[in-house]
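K.L.:
Have a look at this one before I ask anything.
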Amino acid sequence: MTEATDEHGSDATLDNSPAKVPTRVHIVVTCANRKNLPVPPALRVGGLSNYLPRQRLAEWTRRMSEPGPSTAATSLYGGEHWAVARQLATSVRVEAQLWVCSAGYGLIPATAHVRPYAATFALRDGDSVGRSSTENRDWWRGLSEWVGPEPGAPRSFYDLARTNPDDTIIAVLSDTYLRPCSDDLRRAAGQLRDPQRLTIVGPAQADPDLNELVVGVTARMRPAVGGSLLALNVRVAQRLVSLVTADSATHRRPHLRALAHELVATAPPPTPRANRERMSDEEVRAFIRSLASVRPTSATRLLRQLRDSGKSCEQARFKQLFDEISLDVRC
């Protein structure tokens, strides 16, 4: 064995082992229906209803590959969900990369430039990519075989894990997107040297075959993280990933699951719902007209004012009535 002696005469063994590469965290987040650019009719899946399933995918990827107005995925998606999602990679204390799980593009880096589109895994939507869970899984598999907007980048969870076997993958997925990706996620876990470094943050019991991979998100966590139920998955994920450090133990699923349980245990009790007076459609219309004619506003802002006044109206019903009034009143 070769030894080296330093200038003070002490013996030191040379360490010729390669330097350990720091672990990265890959955070994959469900896309959002709301887009910050107008969606052209040609890039709506609903416009492909006359095509057979396989033809639809081929025609879809052809259209999505054509040149046109585009922007980084982080800038394309809007709403509360993506306002929080954009912050996830910077919430981690180690190197992290944000990815998007998209029904229109497949798996893409959040920095990839994409065109505005309308596609969803939600069944019975006007822009549903499939009419069944099986068709949705086939669509996801087909998208992974397309080169996508950033050639050379991993196109599936399996590819992401296979090319980064020492890294950590945290997938923040809604029930709607979790099911089409279930086979891909199971295969991905087997590609990591430590399968416990793949964690799904999302609804518990969405898919029995994925339960072991899931850190369940429930409404009981909402008082601890705030925001609406639509953004609950990403808000819980933000709290969890903010506690991921250079310590490898903090990357593993059991640790993240323990943090989630602690979040439930320490969450403040939910605020009791106010006893508001329910309003008829005509009363709601009168309320909207009285304020919308005064200054530009939005359905969300008006509904908040209505509820603050002690009145009650379901959000969907209020939005429908607001849209009706907007045809007559400049809002």
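The values are calculated or read from the model by the stated rules, or taken from the named source; none is laboratory data. As the structure is a prediction and not an experimental result, all values here were calculated from the model. Cβ atoms come from the backbone with ideal geometry, glycine included; neighbour counts cover every protein chain shown. Protein only, heavy atoms only, side chains kept; ligands, DNA and RNA dropped before computing areas. Shrake-Rupley method; radii C 1.70, N 1.55, O 1.52, S 1.80 Å.
K.L.:
Can you classify the stretch 154-241 as rounded, prolate or oblate using the Cα gyration tensor, where a ≥ b ≥ c are the square roots of its eigenvalues, rounded means a/c under 1.5, and otherwise it's prolate if a/b beats b/c and oblate if not?
P.N.:
prolate
K.L.:
Using just the helices of the chain, give the 222 nm mean residue ellipticity in deg cm²/dmol: DSSP H runs with n ≥ 4 each add -39,500 (n - 2.57), and the total is spread over all residues, rounded to 500.
P.N.:
Taking each H run of at least 4 residues, the total per residue is -10000 deg cm²/dmol.
K.L.:
I would also like to ask the following. So what is the relative contact order for the stretch 204-326, in percent, with contacts set as C-alpha pairs under 8 Å and at least six apart?
P.N.:
21 percent
K.L.:
Another question about this same structure. By how many degrees, between 0 and 90 and to the nearest 10, does the Cα long axis of helix 299-308 differ from the longest principal axis of the chain?
P.N.:
80 degrees
K.L.:
So, one more: If the viscosity is 1.567 mPa s and the temperature 4 °C, what translational diffusion coefficient in µm²/s does Stokes-Einstein give for the stretch 111-269 when Rh comes from Kirkwood over Cα pairs?
P.N.:
Estimated diffusion coefficient is 77 µm²/s.
K.L.:
Let me ask something else about it. First check a/c for the stretch 150-202, with a ≥ b ≥ c the square roots of the eigenvalues of its C-alpha gyration tensor; if it is under 1.5, answer rounded, and if not, answer prolate when a/b is larger than b/c or oblate otherwise.
P.N.:
Oblate, because a/c is 1.5 or more while a/b does not exceed b/c.
K.L.:
With a probe of 1.4 Å, find how much accessible area the chain has per residue, and write the answer as a whole number in Å².
P.N.:
Averaged over the residues of the chain, the accessible area is 53 Å².
K.L.:
Residues of the stretch 209-241 with backbone nitrogen within less than 17 Å of a virtual label 7 Å along the Cα-to-Cβ line of residue 319, please, listed as ranges.
P.N.:
228-232
K.L.:
Skipping prolines and chain starts, which residues have an amide H placed within reach, meaning under 5 Å, of the one on residue 100, given they are 5 or more residues away or on another chain?
P.N.:
29, 108, 110
K.L.:
Under a 10 Å cutoff between Cα atoms, tell me which one of 115, 276, 54 has the largest fluctuation in the Gaussian network model of the chain.
P.N.:
Most flexible of the set in this elastic network: 276.
K.L.:
For a quick protection proxy, order the peptides 108-114, 46-52 by their average other-Cβ count within 10 Å, most packed first.
P.N.:
108-114, 46-52
K.L.:
Starting from the Cα of residue 276, step 7 Å along the direction of its Cβ; do the same at residue 249; then give the gap between the two resulting points in nm.
P.N.:
So the label points at residue 276 and residue 249 sit 4.7 nm apart.
K.L.:
So for the chain: antiparallel DSSP bridges make up what percent, rounded to the nearest 5?
P.N.:
Rounded to the nearest five, the antiparallel share is 30 percent.
K.L.:
A further question on this structure: Hey, what does the equivalent ellipsoid look like for the chain, semi-axes from the Cα gyration tensor as sqrt of 5 times each eigenvalue, largest first, whole Å?
P.N.:
43, 27, 18
K.L.:
Want the number for residue 133 to residue 33: 0.36 nm per residue separation, take away the alpha-carbon distance, what's left?
P.N.:
34.1 nm
K.L.:
Under a Cβ-Cβ cut-off of 12 Å, what is the net charge of the residues other than residue 281 that fall near it, where Lys and Arg count +1 and Asp and Glu count -1?
P.N.:
Computed value for this residue: -1.
K.L.:
Test of understanding: what is the full-extension gain from residue 147 to residue 297, defined as 0.36 nm times their sequence separation minus their Cα-Cα distance?
P.N.:
49.7 nm
K.L.:
Once you keep just the Cα pairs under 8 angstrom separated by 6 or more residues, what percentage relative contact order results for the stretch 126-282?
P.N.:
In percent, rounded to a whole number, it is 17.
K.L.:
Taking the Cα atoms only, what angle lies between the long axis of helix 232-241 and the longest principal axis of the chain, rounded to 10 degrees?
P.N.:
20 degrees
K.L.:
What percentage of the solvent-accessible surface of the chain, computed with a 1.4 Å probe over protein heavy atoms, is contributed by carbon and sulfur atoms?
P.N.:
Summing carbon and sulfur atoms, their accessible area is 50 percent of the total for the chain.
K.L.:
Farthest toward the dipole's positive end in the stretch 69-168, which of 99, 126, 89, given Cβ charges of +1 (Lys, Arg) and -1 (Asp, Glu) about the Cα centre?
P.N.:
Checked the options; the winner is 126.
K.L.:
Place the peptides 184-196, 55-67 in order of packing, highest mean first, counting for every residue the other Cβ atoms within 10 Å and averaging per peptide.
P.N.:
In decreasing order of mean packing, 184-196, 55-67 become 184-196, 55-67.
K.L.:
Report the relative contact order of the stretch 173-248, percent, no decimals, based on alpha-carbon pairs under 8 angstrom and at least 6 residues apart.
P.N.:
23 percent
K.L.:
Decide, for the stretch 57-155, between rounded, prolate and oblate: order the square roots of the alpha carbon gyration tensor eigenvalues as a ≥ b ≥ c, take rounded if a/c falls under 1.5, and otherwise choose prolate if a/b is larger than b/c, else oblate.
P.N.:
The shape class here is prolate.
K.L.:
Which net charge results when you count Lys and Arg as +1 and Asp and Glu as -1 among the other residues whose beta-carbon is under 11 Å from that of residue 243?
P.N.:
Every neighbour counted, the sum reads 0.
K.L.:
Which whole-Hz ³J(HN,Hα) couplings does the stretch 53-67 yield from phi under the Karplus relation 6.51 cos²θ - 1.76 cosθ + 1.60, θ = phi - 60°, glycine and proline marked x?
P.N.:
x, 5, 5, 4, 5, 5, 5, 4, 5, 5, 5, 5, 7, 6, x
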